[in-house]
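Let me begin by presenting the structure, written as structure tokens, before commenting on it.
The values are calculated or read from the model by the stated rules, or taken from the named source; none is laboratory data. All figures in this text were calculated on a predicted structure; none of them were measured in a lab. Neighbour counts run over all protein chains shown; Cβ positions are idealised from the backbone, glycine included.
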Amino acid sequence: MSIRLEHVSKFYGTQSVVCDVSLTVNSGELFVLLGASGSGKSTLLRLIAGLLPADSGRVWLHNQDVTHLPPQQRETGFVFQQYSLFRHMTVAENIAFGLDVRHVERKQQNKQVQELLDLIGMADFGKRMPSQLSGGQQQRVALARALAYQPRVLLLDEPFGALDVQIRSQLRQSLRAIQQQLGVTTVLVTHDQEEAFELADRIGILSNGTLLEADTPNALYHAPQTRYTATFLGHANIIPAQRNGTQLYLGDYRLPAPPHTEHLANQPVELLCRPEEIDLTHTLEDQRGHVVGQGIVTSIAQAGPSVHVSVILSDHVTQTPLNIVLPPFRQRELALQVGQCVWVRVNSYHVLGGTL
Amino acid sequence: MRDLSPRSPITWALIALVVGYAAVLFGLPIVTVVASAFQKGLDPIIKTFKDSSVQHAIFITFSLAGIAVIVNAAAGLLTAWVLTRHQFPGKRVLDAMVDIPFVFSPVIAGYAMIVLFGRGGWLAPTLFPIVFALPGVLLAKIFVSLPFVTREVQPVLASITPEQEHAAYTMGASRWLTFRRVILPEIRTALLYGLVLTFARAVGEFGAVAVVSGSIQGYTETATSFVFRALNDRNPSGAYSVSLVLMIVSLAILILLNLLKHRLTARKG
């Protein structure tokens, strides 16, 4: 365990920004804290680094209680969203700063700086000033600077937030490569779910200062614990249902209840169906998936490699259209048209407790 | 920047107006002082500088201005720091108050010091006299030159994001090391600019100093006070000679300021 948070809270005045967060990040893991703006994710990162003191709870780094240590003694590497390079120092001097503070010999410093410059693919940029670099290059240097003194953990606060889309995806890939190469335990904060999916070993979902759940991207996408996670990650079709015995009831239609949902028996639940797990047919007799109802096609949109179809279920309480993503060949087979009546079938689904 | 449009007569008239204005107000006085000082050759100048009270006046003018620079460097930096880095009730009032020495008449400031530090004043000193003594001269110089460092450093300090400091902290740098290695190099040029202005103002101040010091010859009389007395005593060569010294210093400062200003803007660009 590289990072352990125990019931950590932070208040600004009476407003709680981080609320009783407990979390463990394993050694070598890249953990992404994902949340909307104002969810407390940056604050949580600063609590780990010691840039803000926690109001309650404990912070452990490598089995050492650092709750009351100042940032200088926590040995973390921190990369900020932007403009954190020292403007009056060259790239090499920036990277060497942490080594200089530790009184590392000059020769050794130069050697390590050059290694880091090679690592970030900027071998010849040592003598440049930050103002002569692009935003992406500056963030690479910031990363090298944070890694120079081999910190116990690497903390990144929306590191790609200020960059163009193209540069962003390049940098993500090199960050992932560098992180895996060095095996450094990393926490990255972002509001971008695509980024989270691309980078994370595990994702923690933060909302209003509370850590709702933490799991692998796949588990969070397909089997979230909370409605917030379900709707925050990708598009979610949510259909109210009832779980009785071994079945789920959606009006007149029945589906087998998934395992481990017994505790939700006899209470209202919600069915989560991802758009790509839904199929449409013209006849009821078709054998694909489980029928959840009949509906009217309200829109069809071609979106490159897939077709986005909206269907409103008849005989259902919710009138929110279902979003369905079909492969183009399916749409051609069906010859779908707006206004058509179709059967809606789900291949895979997940049950959410109704109260969450 | 190059003006590509042809210049109209109005443009020429405006340029001529400003140049003429500058020549009369800034150029002519300089020429006059230099010409007058050398009008009767070098002898009266040498005679003036052999006068021990003149030497003393020049000495205290520059040495006290030097001390004022040191004091205001610390006080001005601290004020700029507090105003940019901290939130507290009355911050805006304090920010506005920094300009008091700019807007107050120095004579009134000097008078206020007499009332405050003089005999029977609220802060009347017990160990050594302030009013009509050298500490009073120093105090007056410090007061009138107080805002320069703060006003020069403040915007530069505000442009340094807290992230830069925080990054230094996480890398293990103490607050002091962070100030020395991260903050100070950023504000150095602005600070120097403020200090040069402080020195210029402290050397040139007359009103506040004259009131609070009593201009006691050979004791609290400063270079500017001497010039004033020499003029009253119909000793023009004395007045012009000392003026010449002050002016040479001022011109040197002016050149220095322009070099610094160039560096300041080069940095920003």
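Any idea which of B:119, B:151 is out of contact with any Gly (no Cβ under 6 Å at 6 or more places or on another chain), surrounded by fewer than 18 Cβ atoms within 10 Å (Cβ to Cβ) and not hydroxyl-bearing (Ser, Thr, Tyr)? Result: B:119 is the single residue among B:119, B:151 that is out of contact with any Gly (no Cβ under 6 Å at 6 or more places or on another chain), surrounded by fewer than 18 Cβ atoms within 10 Å (Cβ to Cβ) and not hydroxyl-bearing (Ser, Thr, Tyr). Looking only at residues in the stretch B:75-116 that are touching a residue at least 24 places away in the same chain (Cβ under 8 Å) and aromatic (Phe, Trp, Tyr), the one that is farthest from residue B:175 (Cα to Cα) is B:111.
Residue by residue, here is whether (1) of a type in the set (Lys, Arg); (2) outside the structural domain of residue B:198 (by TED's automatic domain parsing); (3) modelled with pLDDT of 90 or more; (4) surrounded by 15 or more Cβ atoms within 10 Å (Cβ to Cβ) holds:
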position: B:214; (1), (2), (3), (4): no, no, no, yes
position: B:226; (1), (2), (3), (4): no, no, yes, yes
position: B:229; (1), (2), (3), (4): yes, no, yes, yes
position: B:260; (1), (2), (3), (4): no, no, no, yes
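Search the stretch A:99-113 for residues being assigned to a loop (DSSP other than H, G, I, E, B) and more than 10 Å from chain B (Cβ to nearest Cβ), and hand back the single one that is surrounded by the most Cβ atoms within 10 Å (Cβ to Cβ). Among those residues, the one meeting the criterion is A:104.
Remark: pairs (first residue in the stretch B:155-175, surrounded by 18 or more Cβ atoms within 10 Å (Cβ to Cβ); second residue of a type in the set (D, E, K, R) and modelled with pLDDT under 90; Cβ separation under 8 Å; 6+ apart in sequence or on different chains) = B:157/B:85. Please determine whether any residue of the stretch A:251-263 is buried (at least 16 other Cβ atoms within 10 Å of the Cβ), over 30 Å from residue A:332 (Cα atoms) and aliphatic (A, V, I, L, M). Checked against the condition, which is being buried (at least 16 other Cβ atoms within 10 Å of the Cβ), over 30 Å from residue A:332 (Cα atoms) and aliphatic (A, V, I, L, M), the stretch A:251-263 yields at least one hit. Is it the case that some residue within the stretch A:286-307 is among the charged types (D, E, K, R), surrounded by fewer than 17 Cβ atoms within 10 Å (Cβ to Cβ) and modelled with pLDDT of 85 or more? No - not one qualifying residue is present in the stretch A:286-307. Residue under question is residue A:78, and the condition is that it be assigned to a strand (DSSP E or B), in contact with a helix residue (DSSP H, G or I) (Cβ under 8 Å, 6 or more places away or on another chain) and either within 13 Å of chain B (Cβ to nearest Cβ) or surrounded by fewer than 17 Cβ atoms within 10 Å (Cβ to Cβ) (or both); does it hold? In short, yes. Would you confirm whether or not the stretch A:58-68 contains a residue that is surrounded by fewer than 17 Cβ atoms within 10 Å (Cβ to Cβ), of a type outside the set (Gly, Ala, Ser) and within 13 Å of another protein chain (Cβ to nearest Cβ)? The answer is no; no qualifying residue exists.
Kindly indicate whether residue B:85 is more than 30 Å from residue B:229 (Cβ to Cβ) and either modelled with pLDDT under 90 or touching a Phe, Trp or Tyr at 6+ places or on another chain (Cβ under 9 Å) (or both).
Working: more than 30 Å from residue B:229 (Cβ to Cβ): yes; either modelled with pLDDT under 90 or touching a Phe, Trp or Tyr at 6+ places or on another chain (Cβ under 9 Å) (or both): yes.
Yes: the conditions hold for residue B:85.
When you check residue A:96 against the structure, is it touching a residue at least 60 places away in the same chain (Cβ under 8 Å) and either within 14 Å of another protein chain (Cβ to nearest Cβ) or farther than 13 Å from residue B:167 by Cβ (or both), yes or no? Walk me through it before giving the result.
Details: touching a residue at least 60 places away in the same chain (Cβ under 8 Å): no; either within 14 Å of another protein chain (Cβ to nearest Cβ) or farther than 13 Å from residue B:167 by Cβ (or both): yes.
In short, no.
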